[in-house]
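This report refers to the structure that appears directly beneath it.
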Amino acid sequence: GQQVMQIPQYQHVQEGEDFTTYCNSSTTLSNIQWYKQRPGGHPVFLIQLVKSGEVKKQKRLTFQFGEAKKNSSLHITATQTTDVGTYFCAGRRQGAQKLVFGQGTRLTINP
Amino acid sequence: GAGVSQSPSNKVTEKGKDVELRCDPISGHTALYWYRQRLGQGLEFLIYFQGNSAPDKSGLPSDRFSAERTGESVSTLTIQRTQQEDSAVYLCASSTGLAGLETQYFGPGTRLLVL
């Protein structure tokens, strides 16, 4: 079945450093979504990427979708303490209906 | 309602008891997912309902777990003969079910503790 792998599992950075999490699918995806879960909260939708090679930005966050639509990345520039949480990618295989989540990357920040 | 709601928010039960968790999705959302999240871990897929299609039960960890959904509304997740390893937060999410509009809206979860 479809698998979505996400690395790293954990990342600890100093405030102001950059952070990147990577997502890889075993199959070609129709689209990929990113979610953020704050400590004690539930996952909240951030963005969806649909097109091959697509890049989207939200302030300090940059999201990329690979040319082959099998991988994606989320990059945060100059992290702030408000960025703490777990970031999940989720993808839907072409022809399938179900969205499959990666294992998440937990980001902690030293102020 | 504005979002996905779940009840109860917290449940403490004794090992061996049955529990029933409820999810009220956003009105009109045909897709509904249940996930389990152990402390500090990722989202473990349990079951997926899409409209009138047969549910995808591939994530249910054992036959003690079952779920039902009435039409396109409320869903209940039942855990029979609970075990301590069932302790976790159970999250429900719904989406429109339409291609390209699969954003999942999560409920606040039910925190289950099995003593």
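Would you check if there is a residue in segment A:41-49 being buried (at least 20 other Cβ atoms within 10 Å of the Cβ), within 13 Å of another protein chain (Cβ to nearest Cβ) and in contact (Cβ under 8 Å) with a residue 12 or more places away in the chain?
Among the residues of segment A:41-49, at least one is buried (at least 20 other Cβ atoms within 10 Å of the Cβ), within 13 Å of another protein chain (Cβ to nearest Cβ) and in contact (Cβ under 8 Å) with a residue 12 or more places away in the chain, which makes the answer yes.
Which one of the conditions (1) surrounded by fewer than 21 Cβ atoms within 10 Å (Cβ to Cβ); (2) in contact with a Leu (Cβ under 6 Å, 6 or more places away or on another chain) does A:PHE65 fail to meet, given that it meets all the rest?
(1)
Which of the following residues is within 11 Å of chain B (Cβ to nearest Cβ), surrounded by fewer than 23 Cβ atoms within 10 Å (Cβ to Cβ) and at pLDDT 95 or above: A:GLN58, A:GLN37?
Criteria check complete, one pass: A:GLN37.
When both residues are 6+ apart or on different chains and their Cβ atoms are under 7 Å apart, which pairs have a first residue that lies in segment A:95-111 and is within 11 Å of chain B (Cβ to nearest Cβ) and more than 13 Å from B:GLN104 (Cα to Cα), and a second that is surrounded by fewer than 21 Cβ atoms within 10 Å (Cβ to Cβ) and small (Gly, Ala, Ser)?
Pairs found: A:GLN103/B:GLY42; A:GLY104/B:GLY42.
Could you list, in sequence order, the residues of segment B:58-97 that are closer than 22 Å to A:HIS42 by Cα and within 12 Å of another protein chain (Cβ to nearest Cβ)?
B:GLY59, B:VAL89, B:TYR90, B:LEU91, B:CYS92, B:ALA93, B:SER94, B:SER95, B:THR96, B:GLY97
Condition first: surrounded by fewer than 18 Cβ atoms within 10 Å (Cβ to Cβ) and closer than 12 Å to B:ILE79 by Cβ. Can you find one or more residues in segment B:19-31 that meet it?
yes
Keeping to segment A:75-95, report how many residues are within 19 Å of A:ARG106 (Cβ to Cβ) and assigned to a strand (DSSP E or B).
The number of residues fulfilling the criteria is 8.
Check segment A:73-86 and report whether any residue there is facing chain B (nearest Cβ under 10 Å) and either within 15 Å of the chain's Cα centre (by Cα) or touching a residue at least 40 places away in the same chain (Cβ under 8 Å) (or both).
yes
Show me the strands (runs of 3 or more DSSP E) found entirely inside segment B:1-108 where at least 2 residues are under 24 Å from A:ARG93 (Cα atoms) and touching a residue at least 24 places away in the same chain (Cβ under 8 Å).
B:31-37, B:44-50, B:88-95
The values are calculated or read from the model by the stated rules, or taken from the named source; none is laboratory data. What you see is a predicted model, and the numbers here were worked out from it, not measured in a lab. Neighbour counts are summed over all protein chains in view; Cβ atoms, including those assigned to glycine, are modelled from backbone coordinates with ideal geometry.
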